Amino acid sequence: LKVYLDITLEEHRNKAAEIVGQGGEARLMVDKEELRVALADVVQAEAAQDVAETATRAKSDFLSKMSHEIRTPINGIVGSLDLLDPAELTALQAEDVNRAILSSNRLLGIINQILDFAKIEAAEIEYLSQPFDLGQTVEDVISVLAPQAQEKGLALRSEIGDGLALARLGDGQKIHQVLLNLVENGIKFTSQGSVELRVEQAPTGGAVRFQVQDTGVGIDKGQLEAVFESFVQLGQSNTSGTGLGLSICQEFVQGMGG
């Protein structure tokens, strides 16, 4: 859209015909047809944005509802498997039950990721500020992932720095989820050796530093930024997941001020 500036100036003279001042007016002018086209483009762009936002909300609602529908029976399966008494099972049966529990928990993890992604897209993520035990959080992460590490013959360890205050205030559930995802990634991409979760006091302030170290294949430096993009999968196909885990982790960490 072209905008034209029309300026009209006139001189003010006294009786002796001497210039004593100037005055005038300025007007902004546009071509009516160009203005009509520009306004039509704006209306069309706003309509397209409304359609896109509606589609995004519909997708998020669908993912959320479907994930809830799937998660309910999966929770029932996991609960039933946990009720089985290992003492009454043969070694082969116990192995099958353990494998079923691992598979169900992995599926449940995928469903939870989809739910979180839907909440992030819909801007419905809330961050809590309440007391939690950081030591218990670390212990729970190691306990949950120990069977996966054992299945691959990996050593899974945790180390908490001396003097670190374990009584914390924040969103313990989201911190647990971030650590769970990072450690699970370490296990996923490590074929032999170990995975270790280290927790220590940050050099400045009251922040806590978390570090996951493994003996896996690592990531090419050129791909480091890409791992935090949604639905991006790097590495071998047999180790790929939804491509949402690290993206969700980044969202949670930034949302908690990290």
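Within segment 128-166, the only residue that satisfies the criterion of being assigned to a helix (DSSP H, G or I), more than 15 Å from Val183 (Cα to Cα) and small (Gly, Ala, Ser) is Gly135. Exactly one residue out of Gln113, Gln136 is within 17 Å of Arg198 (Cα to Cα), within 24 Å of the chain's Cα centre (by Cα) and either at pLDDT below 90 or loosely packed, with under 15 Cβ neighbours inside 10 Å (or both), and it is Gln136.
Please go through segment 192-224 and give me each residue that is more than 22 Å from Leu166 (Cβ to Cβ), among the small types (Gly, Ala, Ser) and at pLDDT 85 or above, ordered by number. Give the steps one after another, and end with the answer.
Narrowing segment 192-224 to residues more than 22 Å from Leu166 (Cβ to Cβ): 192-194, 214-224.
From what is left, the residues that are among the small types (Gly, Ala, Ser) are 193-194, 216, 218, 222.
Within segment 192-224, Gly193, Ser194, Gly216 qualify.
All conditions but one from (1) in contact with a Ser or Thr (Cβ under 9 Å, 6 or more places away or on another chain); (2) over 29 Å from Ala55 (Cα atoms) apply to Gln113; the one that does not is (2). When only residues in segment 194-233 that are over 22 Å from the mean Cα position of the chain (by Cα) and among the hydroxyl-bearing types (Ser, Thr, Tyr) count, which is farthest from Leu154 (Cα to Cα)? Applying the filter and picking the extreme gives Thr204.
The values are calculated or read from the model by the stated rules, or taken from the named source; none is laboratory data. Because the structure is predicted, anything quoted here is derived from the model rather than measured. Glycine also receives a Cβ, built like all others from the backbone with ideal geometry; neighbour counts cover every protein chain displayed.
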